[in-house]
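Below: one structure, written as structure tokens.
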Amino acid sequence: VQTTTATADKLVAQWQQQLQDVHATDLLAWAAETFRGQIAFASSMGAEDQVLTQMIAAAELDIPIFTIDTGRLFPEVYDLIASTEAKYGLRIEVFYPDSKELEAIVRENGIDLYYKSIALRQSCCEVRKIHPLQRALRGKTAWICGLRKTQAVTRGAVRNIEWDKANQLVKINPLCDWAAEDIWQFIKANNIACNPLHDKGFPSIGCACCTRAVTAGEDIRKGRWWWEEPNKKECGLHR
Ligand code: SF4
């Protein structure tokens, strides 16, 4: 399927109507077929992403998986990439920031630039996450993400199929209506390996310098960029 800006809204509205109650596994199968060769799954190796990897691997769907190594990840994430590849016998393609671009912003603003202002934090996310994502999505028509409505105040309007204006792609969020409990039940039932930091108070795991543990009952995004207002806490990957 080739989508253009002119037809995208209409097509996406049709798909939303047809596929609104479809289970995540069926939506993934539909996406693999509909966007064959032009789709990829962006995994941040979080719990939701591990659920999607399990579904893709179990159904042997033709959906390549990639992740972004910002250079500031927790060591546990690298272990999980390796163990997930070994378990499912697949390759998770890793995209990295451009070294020249990264060296320039660090030279100009210091190694801990993200704590200095929201603008600098966003520049860091731009260089370390958004630009590698744009490279990963080049030539694609659609991408898959593990977004859920209840993950953050910024994500309440997430739909299972959306037109991603920023990237000019169809964006598919098969788990958008799942609650956190549904995710953990599925993980338990299918014996899925997850980042051990989830058991240490990290419901949402990003870069090590920008993520901290939360206490029971605290908002799950409280541990991300904790020095910023909740409604500004997105890295720009999901605009
Ligand atoms: S989360 Fe922090 S270290 Fe990671 S890319 Fe964004 S600002 Fe930079």
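The values are calculated or read from the model by the stated rules, or taken from the named source; none is laboratory data. Predicted, not measured: the structure shown is a model, and the values here were computed from it. Glycine also receives a Cβ, built like all others from the backbone with ideal geometry; neighbour counts cover every protein chain displayed. Protein only, heavy atoms only, side chains kept; ligands, DNA and RNA dropped before computing areas. Shrake-Rupley method; radii C 1.70, N 1.55, O 1.52, S 1.80 Å.
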Legend entry - Area projected by the alpha carbon convex hull of the range 4-60, averaged over all directions, nm²: 4.7
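Over 22 Å apart: what share of the alpha carbon pairs of the chain falls there, rounded to a whole percent?
Numbers: 15189 of 28441 pairs.
Across the chain, Cα pairs with separations above 22 Å total 53 percent.
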Legend entry - Accessible area (Å², per residue) of the range 1-88, counting only protein heavy atoms and a probe of 1.4 Å: 46
Legend entry - Positive dipole terminus of the range 1-86, leading residue within 27, 12, 43 (C-beta point charges): 12
Legend entry - Share of carbon and sulfur in the accessible heavy-atom surface of the chain [1.4 Å probe, %]: 51
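Order the peptides 131-137, 7-13 from the highest to the lowest mean number of other Cβ atoms within 10 Å of their residues. Mind showing how you got there, number by number?
Values: 131-137: 17.6, 7-13: 13.7.
Highest mean packing first, the order is 131-137, 7-13.
Tell me, in nm to one decimal, what length is gained between residue 13 and residue 106 on full extension, where the rule is 0.36 nm per residue of separation less the Cα-Cα distance?
Details: separation 93, 0.36 × 93 = 33.48 nm, distance 4.26 nm.
Additional length available on full extension: 29.2 nm.
Using 0.36 nm per residue, how much length does the chain from residue 58 to residue 33 gain when fully extended, once their Cα-Cα distance is taken away? Each step should come with its number before you reach the end.
On the way: separation 25, 0.36 × 25 = 9.00 nm, distance 1.58 nm.
Roughly 7.4 nm would be gained on extension.
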Legend entry - Distance histogram in 5 Å bins (all Cα pairs of the range 75-173, percent per bin): 2, 10, 14, 16, 20, 20, 13, 4, 0
Inset, instruction - Would you please give the FRET efficiency between residue 193 and residue 21, computed as 1/(1 + (r/R0)^6) with r the Cβ-Cβ distance and R0 = 25 Å, to the nearest 0.05? - result: 0.25
Inset, instruction - Could you give log10 I(q)/I(0) at q = 0.19, 0.21, 0.24 Å⁻¹ for the range 99-152, computed by the Debye formula over C-alpha point scatterers of equal weight, without solvent? - result: -0.78, -0.85, -0.92
Legend entry - Estimated vicinal HN-Hα couplings, Hz - the range 96-101 in sequence order (Karplus 6.51, -1.76, 1.60; Gly, Pro = x): 10, x, 6, 5, 5, 5
Inset, instruction - For the chain, with a Gaussian network of springs between Cα atoms less than 10 Å apart, report the residue from 93, 85, 181 with the top mean-square fluctuation. - result: 181
Legend entry - Gaussian network model of the chain, springs between alpha carbon atoms under 10 Å - residue of 224, 91, 159 with greatest fluctuation: 91
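What does the helix-only formula give at 222 nm for the chain: each DSSP H stretch with n ≥ 4 adding -39500 (n - 2.57), the total divided by the residues, and the result rounded to the nearest 500 deg cm²/dmol?
That comes out to -11000 deg cm²/dmol.
Kindly flag which residue pairs out of 129/222; 87/149; 10/171; 165/200 have an alpha-carbon separation exceeding 26 Å in this structure. Please list the in-between numbers first.
On the way: 129/222 20 Å; 87/149 29 Å; 10/171 14 Å; 165/200 36 Å.
The pairs that break the limit, which is 26 Å between Cα atoms, are 87/149; 165/200.
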Inset, instruction - Equivalent ellipsoid semi-axes for the range 166-212, as square roots of 5 times the alpha carbon gyration tensor eigenvalues: give them largest first, rounded to whole Å. - result: 22, 19, 9
